[in-house]
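All remarks here apply to the structure that follows.
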Amino acid sequence: MPIDYEKEYDNHARVPEHPKIAACRAHAAAAYRAAAPGAELGISYGPSPRQIIDLFPARAGTDAPLAMFIHGGGWRALDPSSFSHMAAGPNAHDVSVAIAGYDLCPQVTVAAIIEEMRAACLLLWRKFHKRIFIYGHSAGGHLAACMLATDWKTVAPDTLADLVPAAYVISGVFDVTPLLHVAQYQDLRLDEKSAHVVSPLYWQVPAGRKLAIAVGALESSEFLRQSRGIAQAWRQAMTQLSYEEIPDANHFTVVDPLADAQSAMTKRVVELAQQVAAMKL
C-alpha cells in the first residue's frame, strides 16, 4: 500500500491541540527569558535580522560546557524566542545554552539554512574557543545532524575538525526526499537532487562522533522511520549511539522534558555536553 506522505507529515492534523501547545510553549519561553540571569539576547552571527543567537549562560561561566539548541518549524516558521526554556534544564546543571535562529524558506533554501547554522557554530567557537554540543527538534533535528556530520576544517581552517562531536536529535527529518510528495512543503523549492544533497541520512559522517536520537512514541510511522533510519545508517561511524521512543509524546510535546532539570532527556543532554567539554583542544 502506498505511503500517504501528506498524512504522515501533517503534524498539525495529527495533533489538533497544537495551538494550545504552542501558546503554552511561548508563555514558558517568555517566562524563562525574563528570569534567566545574564541572558544575552539577539547576538548577531550574520547580516539578516533572523541570524541571531540567544545565549543563556550557566552559573559556572566560562568553565561551563557549551550547547546549542536549534528549533523546528519545518524550516519555514518560528524563532528562538519561542524556545528559550529549552535552555532551562541544561542551565540548571551548569551547561551554557545558545538558542539559534535562522532565515526561513521560501526566502532562503534549506541548503542556505545549513550554512547559517554553521556560521552560528563558528561564532560560538570564536567567542568561547570550545567544542559545541548540538541538540535540535524536528527541522532543528535535521540541522543538528548536519552540524554533527560536518568536517569543520573544510568550513573554516581556524577551527577544529570535530567542532561538533556530539548531538541529540529529537523527532528529526533526516531524509528530506519524502517531502517532495507533500503539498505543504512545496515552498521548500526542492527537487530530487537538491533534496538528496540536504539529507544528512546520505552524508558520510566523520568517524568517532556521538549521536543520541529521540522520537515521540505517538509520532507518525514516517517520523519513527526517519529516526530509526539515521540510527541504522550512522551506527558504524559512531563511538556512541542511542535511540529512544519517548512514551506518550507527540511531535510537539516530545521536547517538553528539556525544560525540566530532572528529566531523563535533560540528563542525557547534560551528559553529552559534559563529555564534549571534557575533550582536549
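The values are calculated or read from the model by the stated rules, or taken from the named source; none is laboratory data. Values in this document were obtained by computation on a predicted structure and should not be read as measured data. Here Cβ is always computed from backbone atoms with ideal geometry, including for glycine, and neighbour counts include all displayed protein chains.
One table, with the values for the structure above:
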item	result
Residue check for ALA92: in contact (Cβ under 8 Å) with a residue 24 or more places away in the chain, over 24 Å from HIS142 (Cβ atoms), out of contact with any strand residue (DSSP E or B) (no Cβ under 9 Å at 6 or more places or on another chain) and surrounded by fewer than 16 Cβ atoms within 10 Å (Cβ to Cβ)	no
Test: residue in segment 41-50 that is without any contact (Cβ under 8 Å) to a residue 24 or more places away in the chain, farther than 17 Å from PRO257 by Cα, aliphatic (A, V, I, L, M) and out of contact with any strand residue (DSSP E or B) (no Cβ under 7 Å at 6 or more places or on another chain)	no
Output for segment 180-217, where each listed residue is in contact (Cβ under 8 Å) with a residue 60 or more places away in the chain and assigned to a helix (DSSP H, G or I)	HIS181, ALA183, GLN184, TYR185, ASP187, LEU188, SER194, VAL197
Cross-chain or 6+ apart pairs with Cβ under 6 Å, segment 232-256 first and among the acidic types (Asp, Glu), then not in a strand (DSSP E or B)	GLU245/ALA217
Per-region count, segment 119-140, residues free of Cβ contacts under 8 Å to residues at least 60 places away in the same chain and in contact with a helix residue (DSSP H, G or I) (Cβ under 7 Å, 6 or more places away or on another chain)	1
Test: SER227 is modelled with pLDDT of 95 or more and farther than 23 Å from VAL254 by Cβ	no
Qualifying residues in segment 62-77 (those that are part of a loop (DSSP other than H, G, I, E, B) and more than 13 Å from the chain's Cα centre (by Cα)) - the one surrounded by the most Cβ atoms within 10 Å (Cβ to Cβ)	PRO65
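Residues are listed down the side, and each one gets a yes or a no for (1) closer than 23 Å to GLU244 by Cβ; (2) touching a Ser or Thr at 6+ places or on another chain (Cβ under 9 Å); (3) buried (at least 17 other Cβ atoms within 10 Å of the Cβ):
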position	(1), (2), (3)
GLU116	no, yes, yes
LEU123	no, yes, yes
ALA156	no, no, no
PHE174	yes, yes, yes
LYS193	no, no, no
